[in-house]
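Here's the structure we're looking at; comments come further down.
What follows draws every value from the coordinates through simple rules; no lab data is involved. In this text, all values refer to a predicted model and were calculated from it rather than measured experimentally. Note: ideal-geometry Cβ built from the backbone for every residue, glycine included; neighbour counts use all protein chains shown.
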Ligand code: GUN
């Protein structure tokens, strides 16, 4: 079997189009423009790339983008004061503080200072609790993107065996909650899981989010299963020339694609969905803030 490729790049474009359509209607019918504030502390090169891309895509769907770039030695007090200001600003519907923060700043304290209703990352402890108890919340963007692709591919996920590899707060745990919410039978596997290959081979859905390059190979996959690869690992690619690199996932694409029924590639799979879902979350937060109906198909 050769797996169907789940094209995250194309899917993300359809999500952005949907968001843009809703934003245009919000403006026309209600005079409201959703706004996303992104806060970057320091000059981490990867974070700068992400933040630039977020700002660009925010503007492209018709939303307001507010970028706050702070010096690397910004004090916790100053950062918290900015968050307070953004919490109180009615033009700001979503707030994202780019992680990782410099070491002298307490990430949990900073994230939990964000108004949960504006927490478009879904990292605030209130949103974590709401998701865990099956209540309406802001949902972390990467797992939301994975869920959208799985729903699109399978229709109903009810009764399917899902194995999430990785137990991070950002991907693994919320992913498991979302799959449970869609009535999957969910296992979270991790570095200490016994017979992890056998555990994976029982899965109809494998979500790999461990951050170890090409760890999952085709012999871990049940024939016909769906493989969602969240990993983004940069590796040397001498075949492309001296000093060149390329991206690979947590799954060995070649061998997994021979066995799986469907698979997300890296790059071009989960990655593009994350920012698309950030825009979707900002729109959702804006609709909730204004007691307007939420867009369909853009939330969990
Ligand atoms: N850094 C890497 N990914 C993310 C993300 O999804 N949200 C935030 N806030 N920071 C990140």
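Structure above, values below:
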read-out	value
Folded to 0 to 90 degrees: helix 270-289 orientation relative to the chain principal axis, Cα	40 degrees
Packing-based ranking, highest mean first, of 37-43, 179-185, 24-30 given that Cβ atoms within 10 Å are counted	37-43, 179-185, 24-30
Computed FRET value (nearest 0.05) for residue 99 with residue 152, which takes r as the C-beta separation and R₀ as 25 Å	0.35
Approximate spin-label separation residue 133-residue 20, in nm, with each point projected 7 Å along Cα-to-Cβ	4.0 nm
Length gained when the stretch residue 64-residue 255 is fully extended (0.36 nm per residue, less Cα-Cα span)	64.4 nm
Angle in degrees between helix 141-154 and the longest Cα principal axis of the chain, rounded to the nearest 10	50 degrees
Within a Gaussian network of the chain (alpha carbon springs, distance under 10 Å), most fluctuating of 250, 17, 204	17
Length added when fully stretched, residue 7-residue 296, from 0.36 nm per residue minus Cα-Cα	101.9 nm
Helical mean residue ellipticity (222 nm; -39500 (n - 2.57) per DSSP H run of 4+; nearest 500) of the chain	-12500 deg cm²/dmol
By average C-beta atoms within 10 angstrom, highest first, the peptides 79-85, 5-11, 235-241, 289-295	5-11, 79-85, 289-295, 235-241
